[in-house]
Amino acid sequence: MRRRAPLWLTLLAAACGTPQDGTALPRPSLVFILADDLGWGDVGCYGAPDLRTPVLDRLAAEGVRFTQFYANGPECTPTRTAFLTGRYQQRVGGLECAIGLGGVGRYDDAVRLQAAGELGLPPSEPSLARLLKDAGYATAICGKWHLGYDRKFHPDRHGFDRAFGPLGGAVDYFHHCEPDGTPMLYQDGRPVRREGYLTDLITDEALRFLRSRPASPFFLYVPYTAPHAPYQGPRDRRPAPVPEVEWNRGTRGTYAEMVERMDAGVGAILEALESEGLAGRTLVVFASDNGADPRGWNHPWRGGKGGLFEGGIRVPCIARWPGRLLAGTVADRPAMTMDWTVSFARLAGARPPAGRPFDGVDILEEVERGLPPSPRPLFWRARRGDRTWRAAREGPLKYVSRQDGGKLEEFLFDLERDPAEAQDLSAARPADRDRLKALLADWETRVRPGR
């Protein structure tokens, strides 16, 4: 559906959620479902031509579909850091690149922290789960962590009452280990063994949490590993784990099977919310952590995972809250992963500690009340080895730079007229290029890590 909600209808939908006597509404439960490496064009309602996502399509029809939603980073770890902190991941240090298999740092600052045993999200960093737990929410994560291997970095150290899933960035979907055979499946800080396809195990654990009738309200974070490599569909079990040399081998058909199984898992979660009588008082958000690799489909955007062209960071995002968000709404305002952190905290009545304000905006409030988009620039920086990507967007203009060793490339695009980033305007509009570069440089000085 592509109809846009008139302003008066959006305001009416928001008003309907508030009792006429002015009393506060019960705080909603919050579910955040995160796909791993899912491209913009890998969901039916975003134009997928060759795979089926009926559940996500229905979720969009019943809620809000965002068309200018950005991941905070073009890889796994950075976006997850930003979601759990509500701040640019650069503020933490060492986490603006995906942590490598085995807990390896992949650029200078991450290497430094790895050597000191500090590569991960430190427990001293206030997390969304901790804020919500302190506000009286039951909290659970069912899925991929990827924010540190050492015990001190595990989810239960960050405010999650219950935690299940792999610690690292990717594991064999059936043997649940990294390529060297190291087991990666953990529950509440302890290694566990389970039989089954990992996508299904993540879904089952989420269902177990919901059916245990957690104290309401609750925060359930479901970061699937699908459709991240290794490319294994539900029927692709082998006697031994997939060797590392084969991890990135796979077909679009296998990728589609992985996405469709995840879609079915989302459907099971939605059905559980309905059967437990929780759907009407639960906000459900679905997004991807970054763009797809070559097996996925980022069309019509340029580039993909790992880079800061639109294909690496513009991702699907859908939100549903029956009775509060008008069904079938299309929101075309720019937003980022960390914006949902602000919305979740506000709904829960939680605030970040003094001196650590959120960097995002309350995207839910903007959409609910039909407010104009916040007039703010958006920033990205992604590092791996000697390569550094930088980007800034203000209004329709987007500046991108890519530095690889001593080679520097710069680009300026007008996304309103050229959403596919086909025409570089940096030479034709040097004043705009330099203005965005200056904004970016100022932002970099303000998000320097403190460790």
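No lab work stands behind these numbers, since they all come straight from the coordinates. Predicted, not measured: the structure shown is a model, and the values here were computed from it. Using ideal geometry, Cβ is built from the backbone for each residue, glycine included, and neighbour counts are taken over all protein chains shown.
Give me the Kirkwood hydrodynamic radius of region 212-357, using the inverse of the mean 1/r over all pairs of distinct Cα atoms, in Å to one decimal.
Mean inverse Cα-Cα distance, inverted, gives 18.1 Å.
Can you list which of the trypsin sites (Lys or Arg not before Pro) found in region 30-81 are DSSP loop residues with at most 16 other C-beta atoms within 10 Å?
In loop regions of region 30-81 (DSSP not H, G, I, E or B), the sparsely surrounded trypsin sites (Lys or Arg not before Pro) are Arg52.
Please compute the length gained on full extension between Leu439 and Lys407, using 0.36 nm multiplied by the number of residues separating them and subtracting their Cα-Cα distance.
Stretched fully, the Leu439-Lys407 segment lengthens by 9.3 nm.
Among the listed pairs Lys144/Lys407; Lys133/Lys305; Lys144/Lys305, which have their C-alpha atoms separated by more than 29 angstrom in this model?
Lys144/Lys407; Lys133/Lys305
Mind putting a number on the dipole of the chain about its Cα centre? Charges go on the C-beta only, +1 for Lys and Arg and -1 for Asp and Glu, and I need it in Debye to the nearest 20. Please report the intermediate quantities before stating the final value.
Details: 61 positive and 58 negative charges, 141 e Å.
For this selection, approximately 680 debye.
Counting only C-alpha contacts under 8 Å and six or more residues apart, can you give the relative contact order of the chain as a whole percent?
25 percent.
Filter the GluC sites (Glu not before Pro) in region 157-263 down to the DSSP loop ones having no more than 11 other Cβ atoms within 10 Å, then list what survives.
Passing sites in region 157-263 are Glu195.
What number comes out for the charge environment of Leu270, summing +1 per Lys or Arg and -1 per Asp or Glu over other residues with Cβ under 13 Å away? It would help to have the intermediate numbers written out before the result.
Values: positive: Arg58, Arg320; negative: Asp57, Glu62, Asp263, Glu271, Glu274, Glu276.
Spelling it out: positives minus negatives among the neighbours equals -4.
Local charge sum around Asp289 (other residues, Cβ-Cβ under 10 Å, Lys/Arg +1, Asp/Glu -1)?
Residues near Asp289 contribute 0 overall.
log₁₀ I(q)/I(0) of region 379-446 at q = 0.11, 0.13, 0.14, 0.15 Å⁻¹, via Debye over equal Cα point scatterers, no solvent, to two decimals?
Log10 I(q)/I(0), no solvent term: -0.25, -0.35, -0.40, -0.46.
In what sequence do Tyr231, Tyr186, Tyr255 fall when counting other Cβ within 10 Å, fewest first? Spell out each step's value before the answer.
Numbers: Tyr231 23, Tyr186 20, Tyr255 27.
Least to most surrounded, the residues fall as Tyr186, Tyr231, Tyr255.
What do you get for GluC sites (Glu not before Pro) in region 326-396 restricted to DSSP loop and a cutoff of at most 14 other Cβ within 10 Å of the site's Cβ?
none
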